[in-house]
1. Taking the criterion of being farther than 24 Å from GLY176 by Cα, among the β-branched types (Val, Ile, Thr) and out of contact with any Ser or Thr (no Cβ under 7 Å at 6 or more places or on another chain), would at least one residue in the range 67-80 satisfy it?
2. Please enumerate the residues belonging to the range 47-81 that are of a type in the set (Phe, Trp, Tyr) and within 17 Å of ALA8 (Cβ to Cβ).
3. Select from the range 173-188 the residues that are surrounded by fewer than 16 Cβ atoms within 10 Å (Cβ to Cβ) and either of a type in the set (S, T, N, Q) or assigned by TED's automatic domain parsing to the domain that holds PHE75 (or both) and list them in ascending order.
4. All but one of (1) surrounded by 22 or more Cβ atoms within 10 Å (Cβ to Cβ); (2) at positive phi; (3) charged (D, E, K, R) hold for ASP153; which doesn't?
5. Of the residues in the range 1-47, how many are over 24 Å from GLY140 (Cβ atoms) and touching a Phe, Trp or Tyr at 6+ places or on another chain (Cβ under 7 Å)?
6. Looking at (1) at pLDDT 85 or above; (2) surrounded by 11 or more Cβ atoms within 10 Å (Cβ to Cβ), which is the only condition GLU195 fails?
7. When the residues of the range 160-172 are filtered to those that are out of contact with any helix residue (DSSP H, G or I) (no Cβ under 9 Å at 6 or more places or on another chain) and at pLDDT 95 or above, which remaining residue is surrounded by the most Cβ atoms within 10 Å (Cβ to Cβ)?
8. Working only within the range 41-61, note down all residues that are loosely packed, with under 15 Cβ neighbours inside 10 Å and at pLDDT 95 or above.
Amino acid sequence: MFTGIVQATCDVVSIKEQSGLKTFEVKIPEELQQGLETGASVANNGVCLTVTKLANNSVYFDVMEETLEVTNLNFVEPGNKVNIERSLTFGKEIGGHILSGHVHAMATVVEVSETDSHYNLTLSIPTKWMDYIFYKGFVGVNGCSLTVGEINDDRFMLHLIPETLKLTNLSDSKVGDKINIEIDSQTQVIVDTVERVLAKKMLNNN
């Protein structure tokens, strides 16, 4: 489990393609490697990956074909940066919201608005996922816990503060880029439960 508070943006050193998977070599700062062991979980752009090897100040992850199909890790190239978060340690402050590291969908960047006073990202997402996105609600965006600013049909806007831009790779976003989205689990449960109850009532009334 994760909090959506990105700890570092780290360089992807190399990507080795194999049958059915890609092995990522990510250069993670020494301070974030303290206590890290093979088998541990680390979020890369919000995707929960298992550490397969530690060597030469780098951490290695195997990304399976299924994960590549549903996340933007399939578009990452050596030299790109990924958002990194170590798994949640109980007893520590949770500054974001609970994330599982299981991406639901990819959104597409449709607009980037940057001025001296704001930096806004507008994302388009498949319509079925918009049922779980609410104004002022939480959403995981490339592993970042963010608050939804505006909603319009199949898209929503994020207002990013300078600290978020400094600590994450969202500042590199361009129109057409794919962004990993994880829906807030509590919101999903509430929406699905309400829909089931209403559907059952309609069925009984008929």
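The values are calculated or read from the model by the stated rules, or taken from the named source; none is laboratory data. Small disclaimer: the values here were computed from a predicted structure and weren't measured. A quick note on method: Cβ atoms are made from the backbone with ideal geometry, for glycine too, and the neighbour counts reach across all protein chains shown.
1. Taking the range 67-80 as the starting set, the residues that turn out to be farther than 24 Å from GLY176 by Cα are none.
No: the range 67-80 contains no residue that is farther than 24 Å from GLY176 by Cα, among the β-branched types (Val, Ile, Thr) and out of contact with any Ser or Thr (no Cβ under 7 Å at 6 or more places or on another chain).
2. Let us first name the residues in the range 47-81 that are of a type in the set (Phe, Trp, Tyr), namely 60-61, 75.
Answer for the range 47-81, where residues must be of a type in the set (Phe, Trp, Tyr) and within 17 Å of ALA8 (Cβ to Cβ): TYR60, PHE61.
3. GLN186, GLN188
4. Unmet for ASP153, out of (1) surrounded by 22 or more Cβ atoms within 10 Å (Cβ to Cβ); (2) at positive phi; (3) charged (D, E, K, R): (1).
5. Counting residues in the range 1-47 that are over 24 Å from GLY140 (Cβ atoms) and touching a Phe, Trp or Tyr at 6+ places or on another chain (Cβ under 7 Å) gives 2.
6. Single failed check for GLU195: (1).
7. THR168
8. Let us first name the residues in the range 41-61 that are loosely packed, with under 15 Cβ neighbours inside 10 Å, namely 50, 52-53, 55-57.
Once the filter is applied, which keeps residues that are loosely packed, with under 15 Cβ neighbours inside 10 Å and at pLDDT 95 or above, the range 41-61 yields THR50, THR52, LYS53.
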